[in-house]
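*Asks:* The structure's right below; bear with me while I get my questions together.
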């Protein structure tokens with residue numbers, strides 16, 4: 001018999017992440033992990049994206065990660081879809097969601113009746129990128145107010161994601177910000193990245209984002 | 001003889017932070033640690049604040065913390081003040097600056113000829129709050145585009161700081177954002193917090209911020 005040794009936290013996390021992907025395959029849902037800095041607009045984005053998916057008869061649920069508060073989960077619950085809240089404060093104020101908290105959150109859902117489950121990770125452009133949540137797709141949201149240099153300064157985040165959403169394009173006329181430089185910087189780190197520009201406030205760009213997310217199923 | 005046991009990383013960090021405060025006292029400088037989410041405007045804020053301090057014959061230096069790149073340090077160096085760059089990539093891509101990286105950075109300066117040394121921490125509203133850098137003053141920068149709820153969602157950051165700078169007030173006319181709610185949320189977490197609103201882009205509010213920083217010496 002092979003004896004398994006769990007070497008460290010990251011290895012244990014990777015094992016659980018693999019288990020989660022097996023569950024997703026078996027139950028037939030896609031797990032999508034959304035990451036960003038605090039205040040980039042992840043919740044507002046979900047408030048636009050989920051009704052668009054519901055319209056196309058795609059059944060969604062959300063796992064909300066925050067250090068503390070249930071404010072975002074309450075906003076999501078208003079859309080009448082299943083939502084699970086993880087407060088990392090109980091895990092020592094963790095700065096990210098690991099697979100070990102995603103797994104029990106998933107078990108709160110009727111997985112058989114879901115097509116897409118979103119994870120809204122803790123607002124942090126550093127640590128969440130280091131921990132595999134078991135997601136099938138990783139999305140990074142970056143807002144126009146954060147400056148063009150962020151992909152270069154936080155490269156791991158842009159390496160582990162397949163889709164980059166540039167949010168808050170409605171503010172472009174008021175900013176000293178060049179969206180082309182941001183796109184170039186994203187491609188310097190990850191030439192394969194799918195990039196969508198949108199405004200979760202006005203809805204601009206959401207047709208394209210909805211299509212991209214559906215294509216990833 | 002008493003045998004010292006260093007129990008864990010945080011305890012070792014606190015010991016070094018105490019050493020740094022002793023050096024600051026002996027050499028007569030004040031160490032100011034600036035923290036925020038990525039893209040809240042820390043570097044632009046320093047580009048306004050430092051010339052204002054130089055005008056008042058206050059001698060400054062900056063320790064720049066980034067996971068990778070020297071982009072911010074290069075901007076600071078243009079003001080002809082001493083700057084030390086810490087890239088945490090060499091320390092495993094750390095998401096914060098600990099006292100163990102601040103101490104050698106300080107030794108790069110002629111400490112005897114400095115009044116105020118700024119630390120521009122890694123852009124992250126979570127982890128930097130957990131590590132004492134040895135600073136005498138902690139400042140959090142929060143921009144108007146990040147939403148009113150951030151103090152409630154990232155309470156530790158607002159607990160460990162003495163000054164909160166609300167940046168990007170020039171964007172207020174274009175946002176669905178209530179600055180009074182943000183201020184109330186800050187005071188819920190930290191009733192003693194000094195709050196200054198400003199725009200590092202236009203310069204509004206910098207007279208007050210400069211006075212506040214000078215008063216903390």
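Values in this text are rule-based calculations from the coordinates and carry no lab data. Values in this document were obtained by computation on a predicted structure and should not be read as measured data. Methodologically, a virtual Cβ is constructed for each residue, glycine included, from the backbone with ideal geometry; neighbour enumeration extends over all protein chains shown.
*Asks:* May I ask you to report, in nm to one decimal and beginning with the shortest, the distances from residue B:71 to the same position in the other copies, taking label points 7 Å along Cα-to-Cβ?
*Replies:* Output for residue B:71: 2.8 nm, nearest copy listed first.
*Asks:* Right, another one. Distance from the Cα centre of the range A:95-149 to that of the range B:147-217, in angstrom?
*Replies:* Here the two parts' Cα centres lie 29 Å apart.
*Asks:* Moving on. Angle, helix A:42-55 long axis vs. longest principal axis of chain A, Cα atoms, 0 to 90°, nearest 10?
*Replies:* On a 0 to 90 degree scale, this one is about 80.
*Asks:* 222 nm [θ] for chain B, helices only, -39500 (n - 2.57) per DSSP H run of 4+, per residue, to 500? Write down the numbers at each step before the final one.
*Replies:* On the way: 8 runs with 79 residues, N = 217.
It lands at -10500 deg cm²/dmol.
*Asks:* Which residue, A:22, A:55, A:124, has the most motion in a Gaussian network model of chain A that connects Cα atoms within less than 10 Å?
*Replies:* So, out of A:22, A:55, A:124, the one fluctuating most is A:55.
*Asks:* Also, quick follow-up: Find the percent of Cα-Cα distances in the range A:37-188 that exceed 18 Å, and round it to a whole number.
*Replies:* Values: 6822 of 11476 pairs.
In whole percent, the long-distance tail amounts to 59.
*Asks:* When a/c is below 1.5 the answer is rounded, else prolate if a/b is larger than b/c, else oblate, so apply that to the range B:176-217 with a ≥ b ≥ c taken from the square roots of the Cα gyration tensor eigenvalues.
*Replies:* It is oblate, given that a/c is not under 1.5 and a/b is not larger than b/c.
*Asks:* Measure nothing but the geometry: give the 0 to 90° angle between the long axis through the Cα atoms of A:206-215 and the longest principal axis through the Cα atoms of chain A, rounded to 10°.
*Replies:* Around 30 degrees separate the two axes.
*Asks:* How high is the FRET efficiency between residue B:80 and residue B:214 when r is their beta carbon distance and R₀ equals 30 Å, given to the nearest 0.05?
*Replies:* In this case the efficiency is close to 0.90.
*Asks:* Measure nothing fancy, just the Cα-based angle from helix B:9-27's long axis to the longest principal axis of chain B, in degrees from 0 to 90, nearest 10.
*Replies:* Taking Cα atoms only, the helix is inclined about 90 degrees.
*Asks:* Another question, then. Using a 10 angstrom cutoff on alpha carbons, build the Gaussian network for chain A and name the most mobile of A:67, A:34, A:119.
*Replies:* A:67
*Asks:* Under the definition of partner shielding as Cβ atoms of other protein chains within 10 Å of a residue Cβ, what is the mean value for peptide B:144-156?
*Replies:* Taking the mean over all residues of the peptide, I get 6.
*Asks:* Then there's this: Running a GNM on chain A with Cα contacts under 10 Å, which residue among A:113, A:136, A:190 ends up with the highest mean-square fluctuation?
*Replies:* Comparing A:113, A:136, A:190 in a Gaussian network model of chain A, the most mobile one is A:113.
*Asks:* Here is a follow-up. If you bin every alpha carbon distance in the range A:139-179 into 10 Å steps from zero, what whole percent lands in each bin?
*Replies:* The distribution over the range A:139-179 is 29, 54, 17, 0, given as percents.
*Asks:* Let me ask something else about it. Taking 0.36 nm per residue of sequence separation and subtracting the Cα-Cα distance, how much length would be gained by fully extending the chain between residue A:184 and residue A:27, in nm to one decimal? Present the calculation step by step, with values, prior to reporting the outcome.
*Replies:* Details: separation 157, 0.36 × 157 = 56.52 nm, distance 3.81 nm.
Taking 0.36 nm per residue and subtracting the Cα distance, the gain is 52.7 nm.
*Asks:* Which distances in nm, rounded to one decimal and ordered from shortest, link the label point of residue A:176 to the equivalent label points in the other identical copies, with labels set 7 Å from Cα toward Cβ?
*Replies:* 2.9
*Asks:* To the nearest whole number, what is the average tally of beta carbon atoms from other chains within 10 Å of the beta carbons of peptide B:38-48?
*Replies:* The shielding value for this peptide is 4.
*Asks:* Mean 1/r over all different Cα pairs, inverted: what Kirkwood radius does the protein assembly as shown give, in Å?
*Replies:* Mean inverse Cα-Cα distance, inverted, gives 22.6 Å.
*Asks:* Shifting gears a bit: Once the Cβ-Cβ distance between residue B:47 and residue A:202 is put in as r, and R0 is 30 Å, what FRET efficiency do you end up with, to the nearest 0.05?
*Replies:* According to the calculation, E is roughly 0.40.
*Asks:* Right, something else. For Cα pairs less than 8 Å apart in space and 6+ apart in sequence, what is the mean separation divided by the residue count of chain A, i.e. the relative contact order in percent?
*Replies:* Relative contact order here is 25 percent.
*Asks:* A follow-up question, please. Shape of the range B:50-130 from its Cα gyration tensor (a ≥ b ≥ c, root eigenvalues): rounded if a/c is under 1.5, otherwise prolate when a/b > b/c, or oblate?
*Replies:* Prolate is the answer for the range B:50-130, as a/c is 1.5 or above and a/b outweighs b/c.
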